[in-house]
Amino acid sequence: MNFNRRDFLKLASMLPLVASNLSLSEGPSKSKVAGTDSPNILILVFDTLSAKHISLYGYPRETMPHLARFAERATVYHAHYAGGNFTTPGTGSLLTGTYAWTHRALSHQATLLEKFLSRNIFNEFASRGYYTAGFSHNLLVNILMHALRQNLDDYVLPAEIALVDYNFSDDVFYEDYVTAVRSERAYLKKPGQMSDSLFLAPLFWALKEIHLRSIKQEFQRTFPLGIPGYHDMLYPLEDTVDWILDQVSVMPQPFLAYMHMMPPHDPYYPRGEFALSFYDEWRPDPKPEHFYSEGFAEEELLDRRRRYDQYIAYVDAEFGRLYDQLTDRGLLENTWLVFTSDHGEMFERGIWQHTTRTLFDPVIHVPLLISAPGQNTRQDIYSSSSCVDVFPTLLQGLGEPIPDWIEGMVLPPVETSEAVKDRNIYAIEAKSNPKYGPLVKATVAMIKGDYKLIFYAGYEGHDGVFELYDLASDPEELNDLYESRKSIADALKREMLAKIEDVNAPYLRKD
Amino acid sequence: MVTFKQRFTTQGLIQLFVYCAFPVHVWALINMFRDVPSWVLYMPSGDVIGSVAYTLSFALIESLIILLVVLFVGMIVPKRWVLEKYIPMASSWLVELSVMAIVFQYFIIHHLPKRNLVIGFALILAVSTFLILRFPKVGDALRWIGERLVVLSLIYLFFDLFGLLVVVFRNV
């Protein structure tokens, strides 16, 4: 058979057609039920934003005045909880409406179970005719989201808008980004550990240091402490906010856009005007060291807390600018705007950040504000809610049915039933637990009404430890009531253990 | 090409490759196998194989980059010197630099001052250079060790190429 140049060109000319058909067949099935008048959905997630540090939620420092402005036309959820104490489980729960013990993204850099590639917020809305877009600065979110990219019309990696990007996997190994980026980090940039690379890693660090020095000098006046960034990228929030505004202006409507921004995640680099804020007399009540104390002294924690608060104020200023622009452009008249975070941050009990095994409120109590299209009044909801509720609430808000695999409930005021008040809410920390095994090494928090039960399982020296707090009378979680309110503790313990047994069942051997 | 062949014999090239590849691979594999248990906890087996493949491919690329640097230096120093002194000297430097790279990583991680470290490195390199120039038996010993490591390095190379294939396969 002769295959000449003309035949080759004919075949090559058909390739785009074949490719476009392939991408259609791989993408979400779009029934296009949503009309162009259907409301948009814009989900703004600010990483590591603890509700305990937000003035709107009663923090003594005025960290988020612009969020308070937004609250005047939104529903404010006062007892909202993340699904875990770090990005992977928290974001996984937000995107799937299921708890971490179900979606199984438990560890750092973990992905969702395969069945969630079609069971997630992007796929559900795409199948209803929504244009779906996803963006995150956070590598851990990108590891989750890259696997869901077939459900996304527009998936943008942070390198596209970063000021500086020292990663190469996003460019070179895009198709296999998840595994490649994990390997890239292990080979060149293991944080706080020896890298797999003998020569290239120190060379990379040295060159990066030299390059960063020149960039930092350029931005010295704007960001005197350092330029916002993480995971070997720098991305001033100003650029990201501008980019989001550009995107939402040109996106086909109706759209669902999930925008996950890294600030105020550590390192805390506020803009110059905020870097001198909060040098005040205020000090939080000291708390006793926990058995998982990391040994941070009180003064050190106070200092870091101040930096974090400054960084939050910077985040708030940029959120305010975004909010004003969205308002001015009239976009909020036809958009559900969700403001939340994936987990919190901690500066107490000798513990800093959120890489802890504990699940005290500072690491899991996060903000949630939802503004319905055209909403002009404030509503306050004091009953507990979870990040798994956001997805079903949005579906219900559009009058869409809720898939039965979603574990969250529809929140008030969208749902008026009282059932939401009586249920249990969970947060799970299981980064050392096998993905495909029962939950044996984990911390689980269960919030029911005013009570919060924390269970430490499988940890050496602390296996089977429980703590019980009454959040209504003791919001700072200072008095462990596990021994003194034994009957309540036992009842809650039975419920929690039954739930864990239930979620472990698929992973236990049948014999 | 002629100049290259005049400077580097096949045996010399193999010795240099071994001294480039061996420490890079040993270090990469030690660190990788420390991670594998945690990978198994949260990754499907396909991704574990993928991660191993990337590590091996990166190690191959790193070895080749270092080899290229060594060969480049070998092309700019006098020809007679390359044949007599450069290969044992480069071999010794590669071993010392490997140890130094580990120490350097440790210092970076723990934010320790590096100025004295650099001075110490320079001294060690100078002393080893002197030993090789003064005592030819040191060079012979390095060649002897290199010959013993050839088979192991070829095994690494085989797995590297296999890893590279896996990486290519995962990205098409």
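Annotations for the structure displayed:
- A single entry from A:ASP280, A:ASP266, A:ASP196 fulfils the requirement of being within 14 Å of chain B (Cβ to nearest Cβ), part of a loop (DSSP other than H, G, I, E, B), of a type in the set (Asp, Glu) and at negative phi: A:ASP196.
- Being touching a residue at least 60 places away in the same chain (Cβ under 8 Å) and under 16 Å from A:ILE43 (Cβ atoms) holds for only one residue in A:ASP342, A:ASP316, A:ASP361, A:ASP309, and it is A:ASP342.
- Count of the stretch A:75-99 residues, restricted to those that are in contact with a Pro (Cβ under 8 Å, 6 or more places away or on another chain), outside any loop (DSSP other than H, G, I, E, B) and under 16 Å from A:HIS260 (Cβ atoms), is 0.
- Of all residues making up the stretch A:269-315, the number that are within 29 Å of A:LYS216 (Cα to Cα) and in contact with a strand residue (DSSP E or B) (Cβ under 9 Å, 6 or more places away or on another chain): 10
- Output for the stretch A:246-262, where each listed residue is in contact (Cβ under 8 Å) with a residue 60 or more places away in the chain, surrounded by fewer than 16 Cβ atoms within 10 Å (Cβ to Cβ) and more than 22 Å from A:ASN151 (Cβ to Cβ): A:SER249
- Residues that are modelled with pLDDT of 95 or more, over 30 Å from B:VAL48 (Cα atoms) and not hydroxyl-bearing (Ser, Thr, Tyr) within the stretch A:425-449 comprise A:ILE425, A:ALA445, A:MET446, A:ILE447, A:LYS448, listed in sequence order.
- Looking across B:LEU133, B:LEU68, one residue alone is within 14 Å of another protein chain (Cβ to nearest Cβ), in a helix (DSSP H, G or I), out of contact with any Phe, Trp or Tyr (no Cβ under 9 Å at 6 or more places or on another chain) and farther than 22 Å from B:ASN31 by Cβ. It is B:LEU68.
- Any hit, the stretch A:419-440, residues being of a type in the set (Ser, Thr, Tyr) and farther than 20 Å from A:HIS78 by Cβ: yes
- Selection within the stretch A:293-312: residues that are under 22 Å from the mean Cα position of the chain (by Cα) and charged (D, E, K, R). The member of this set that is surrounded by the fewest Cβ atoms within 10 Å (Cβ to Cβ) is A:ARG304.
- Qualifying residue in the stretch B:45-64 (condition: part of a helix (DSSP H, G or I), farther than 18 Å from B:LEU125 by Cα and aromatic (Phe, Trp, Tyr)): yes
- The residues in the stretch A:360-383 that are among the small types (Gly, Ala, Ser) and under 24 Å from A:MET446 (Cβ atoms) can be counted, and the count is 1.
- So B:VAL167, is it within 14 Å of chain A (Cβ to nearest Cβ), at pLDDT 90 or above and in a helix (DSSP H, G or I): yes
- Considering residues of the stretch A:178-193 that are surrounded by fewer than 17 Cβ atoms within 10 Å (Cβ to Cβ) and at the interface with chain B (Cβ under 8 Å from one of its Cβ atoms) only, the residue farthest from the chain's Cα centre (by Cα): A:GLN193
- Selection of the stretch A:146-172 for residues being within 13 Å of chain B (Cβ to nearest Cβ) and within 21 Å of the chain's Cα centre (by Cα) yields A:HIS146, A:ALA147, A:ASP170.
- Residue within the stretch B:100-109 that is hydrophobic (A, V, I, L, M, F, W, C), more than 10 Å from chain A (Cβ to nearest Cβ), touching a residue at least 40 places away in the same chain (Cβ under 8 Å) and touching a helix residue (DSSP H, G or I) at 6+ places or on another chain (Cβ under 9 Å) present: no
- Of the residues examined, A:SER249 is one that is among the polar types (S, T, N, Q) and either touching a His at 6+ places or on another chain (Cβ under 9 Å) or more than 13 Å from chain B (Cβ to nearest Cβ) (or both).
- For the criterion of being in contact (Cβ under 8 Å) with a residue 24 or more places away in the chain, of a type in the set (Asp, Glu) and surrounded by fewer than 15 Cβ atoms within 10 Å (Cβ to Cβ), B:GLU96 fails.
- Checked against the criteria, A:GLU175 does not count as within 14 Å of another protein chain (Cβ to nearest Cβ) and under 23 Å from B:ILE102 (Cβ atoms).
- Selection over the stretch A:415-439 of residues that are among the β-branched types (Val, Ile, Thr), part of a loop (DSSP other than H, G, I, E, B) and crowded, with 18+ Cβ neighbours inside 10 Å gives a count of 0.
- The set of residues in the stretch A:338-353 that are farther than 17 Å from A:PRO264 by Cβ and of a type in the set (A, V, I, L, M, F, W, C) comprises A:VAL338, A:ILE351.
- The one condition in (1) polar (S, T, N, Q); (2) surrounded by fewer than 24 Cβ atoms within 10 Å (Cβ to Cβ); (3) farther than 17 Å from A:GLU184 by Cβ that A:ASN167 fails to fulfil: (3)
- Qualifying positions in the stretch B:99-130 - more than 17 Å from A:LEU198 (Cβ to Cβ) and either assigned to a helix (DSSP H, G or I) or touching a strand residue (DSSP E or B) at 6+ places or on another chain (Cβ under 7 Å) (or both): B:ARG115, B:ASN116, B:VAL118, B:ILE119, B:GLY120, B:ALA122, B:LEU123, B:ALA126, B:VAL127, B:SER128, B:THR129, B:PHE130
- Of the residues making up the stretch B:16-38, those that are more than 8 Å from chain A (Cβ to nearest Cβ), of a type outside the set (A, V, I, L, M) and touching a Ser or Thr at 6+ places or on another chain (Cβ under 6 Å) are B:TYR19, B:CYS20, B:PHE22.
- Per-region count, the stretch B:39-60, residues touching a residue at least 60 places away in the same chain (Cβ under 8 Å) and more than 7 Å from every other protein chain (Cβ to nearest Cβ): 7
The values are calculated or read from the model by the stated rules, or taken from the named source; none is laboratory data. These numbers come from a predicted model, not from an experiment. All Cβ positions, even for glycine, are placed from backbone atoms using ideal geometry, and neighbour counts span all protein chains on display.
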